[in-house]
Amino acid sequence: MSSYLPSLIAIVLSYLLGSLSFAVIVSKALGMADPRSYGSKNPGATNVLRSGNKGAALATLLLDAVKGWLPVFLIHRLGEPYGMGPDTAALAGLAAFLGHLYPVFFGFQGGKGVATAAGALLGIEWLLGLATGTTWLIIAVFFRYSSLASIVAAFFAPAYYLIGGGVAWPLSREVLLALIAISLLLIWRHRENIRRLAAGKESRLGSKARTQE
C-alpha cells in the first residue's frame with residue numbers, strides 16, 4: 001500500500017485543484033454576476049464570455065486549463081522517484097477533470113470541463129493537446145458553436161492518441177483509458193447542447209446570454 005500512497009495523494013490533490021471553479025472565483029473577484037445565474041448556467045469560460053467581459057472569460061479559460069495541465073506536468077517532472085509515471089500523470093489529469101465536473105468546494109455542481117481537459121491533454125502529450133485543440137478551433141471557426149467543437153474534439157482525442165502511439169509518443173493502455181473516460185464524460189456533459197444543436201436552438205459563439213438556456 002505504501003508504494004501506491006504517493007500516487008493516491010497526487011490524484012486526490014489533483015481532484016482538489018480541479019474543484020476550484022475559476023469561472024465563479026474570477027467573476028466574484030471582479031464583482032460580476034455568478035455565471036451559474038445566466039446563459040447556460042455553466043461555470044465555464046464560454047458562459048462567462050456571454051457576460052460581455054472578455055478579460056474575465058480569458059482568465060477563466062487559462063486558469064481552468066492550467067489546473068488540468070499542472071498536476072500532469074508536475075508528475076512527469078517530479079514523480080519518477082516516487083514511483084509515478086505517465087499512467088499516474090494521466091490519472092491525475094482525469095482527477096482534475098472530474099474535480100471540475102464535480103467540485104467538492106461548489107456542491108459538486110461544476111462545468112463541462114473543456115478547458116481543463118485541454119490542459120490535461122497538453123500535459124500528457126503536448127502534440128496530442130495541439131492536435132485536439134486545432135480540431136476544436138477549426139470546428140469553432142467554421143460553425144461558431146463551442147459545444148459542437150468540444151464534442152468533435154473529444155471524439156478525436158483518443159483516436160489521435162492511438163494514431164500517434166508508437167510514433168509521436170509511447171502508447172499506454174492506461175493513458176488511453178483515461179483519455180476515453182475524459183472524452184466520454186465531456187460528451188455526456190454536453191448532452192443538453194446536443195439536443196439544442198439538433199433543435200437549432202444552441203447559442204453561437206459571441207452571442208448574448210439567452211434565458212431559455
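The values are calculated or read from the model by the stated rules, or taken from the named source; none is laboratory data. Worth saying up front: this structure is predicted, and the values here are computed from it rather than measured. All Cβ positions, even for glycine, are placed from backbone atoms using ideal geometry, and neighbour counts span all protein chains on display. All accessible areas refer to the heavy atoms of the entire protein, side chains included, with ligands and DNA or RNA removed. Shrake-Rupley method; radii C 1.70, N 1.55, O 1.52, S 1.80 Å.
Please list, ordered by first then second residue, the pairs with beta carbon atoms under 6 Å, 6 or more apart or interchain, first in region 159-175 and part of a strand (DSSP E or B), second buried (at least 16 other Cβ atoms within 10 Å of the Cβ). Listed pairs, sorted by first residue: Trp169/Glu125. Out of all the residues in region 52-59, is one or more modelled with pLDDT of 95 or more, surrounded by fewer than 21 Cβ atoms within 10 Å (Cβ to Cβ) and closer than 21 Å to Ala181 by Cβ? For region 52-59, residues modelled with pLDDT of 95 or more, surrounded by fewer than 21 Cβ atoms within 10 Å (Cβ to Cβ) and closer than 21 Å to Ala181 by Cβ: absent.
Residues that are open to solvent by 50 Å² or more (accessible area, probe 1.4 Å) and not hydrophobic (A, V, I, L, M, F, W, C) within region 108-124 comprise just one, Gln109.
Would you mind stating whether Leu94 is in contact with a Leu (Cβ under 9 Å, 6 or more places away or on another chain) and buried (at least 24 other Cβ atoms within 10 Å of the Cβ)? For Leu94, the condition - in contact with a Leu (Cβ under 9 Å, 6 or more places away or on another chain) and buried (at least 24 other Cβ atoms within 10 Å of the Cβ) - is met.
When you look at Ile163, is it of a type in the set (A, V, I, L, M, F, W, C) and either surrounded by 20 or more Cβ atoms within 10 Å (Cβ to Cβ) or under 22 Å from Leu62 (Cβ atoms) (or both), yes or no? It is false that Ile163 is of a type in the set (A, V, I, L, M, F, W, C) and either surrounded by 20 or more Cβ atoms within 10 Å (Cβ to Cβ) or under 22 Å from Leu62 (Cβ atoms) (or both). Of all positions in region 127-143, none carries a residue that is in contact with a Lys or Arg (Cβ under 6 Å, 6 or more places away or on another chain) and open to solvent by 40 Å² or more (accessible area, probe 1.4 Å).
Residues in region 14-34 that are surrounded by fewer than 21 Cβ atoms within 10 Å (Cβ to Cβ) and without any contact (Cβ under 8 Å) to a residue 60 or more places away in the chain: how many? Total meeting the criteria: 8. For region 60-81, a residue qualifies if it is open to solvent by 60 Å² or more (accessible area, probe 1.4 Å), among the charged types (D, E, K, R) and within 23 Å of Leu130 (Cα to Cα), and exactly one does: Arg77. Filtered by the rule that a residue be closer than 14 Å to Arg204 by Cβ, modelled with pLDDT of 95 or more and of a type in the set (Ser, Thr, Tyr), region 134-149 gives no residues. Hey, any hits in region 35-44 for a residue that's closer than 26 Å to Pro158 by Cβ and open to solvent by 80 Å² or more (accessible area, probe 1.4 Å)? Within region 35-44, none of the residues are closer than 26 Å to Pro158 by Cβ and open to solvent by 80 Å² or more (accessible area, probe 1.4 Å). Only residues that are closer than 17 Å to Gly113 by Cα and either surrounded by 21 or more Cβ atoms within 10 Å (Cβ to Cβ) or touching a Pro at 6+ places or on another chain (Cβ under 7 Å) (or both) were counted in region 166-182, giving 4. Checked against (1) open to solvent by less than 50 Å² (accessible area, probe 1.4 Å); (2) farther than 21 Å from Leu179 by Cα; (3) not small (Gly, Ala, Ser), Met84 meets all criteria but (2). Inspect region 39-62 for any residue being touching a Ser or Thr at 6+ places or on another chain (Cβ under 9 Å) and without any contact (Cβ under 8 Å) to a residue 24 or more places away in the chain and give the result as yes or no. Yes, the conditions are met somewhere in region 39-62. Every listed requirement among (1) under 18 Å from Gly93 (Cβ atoms); (2) within 18 Å of the chain's Cα centre (by Cα) is met by Pro43 save one, (1).
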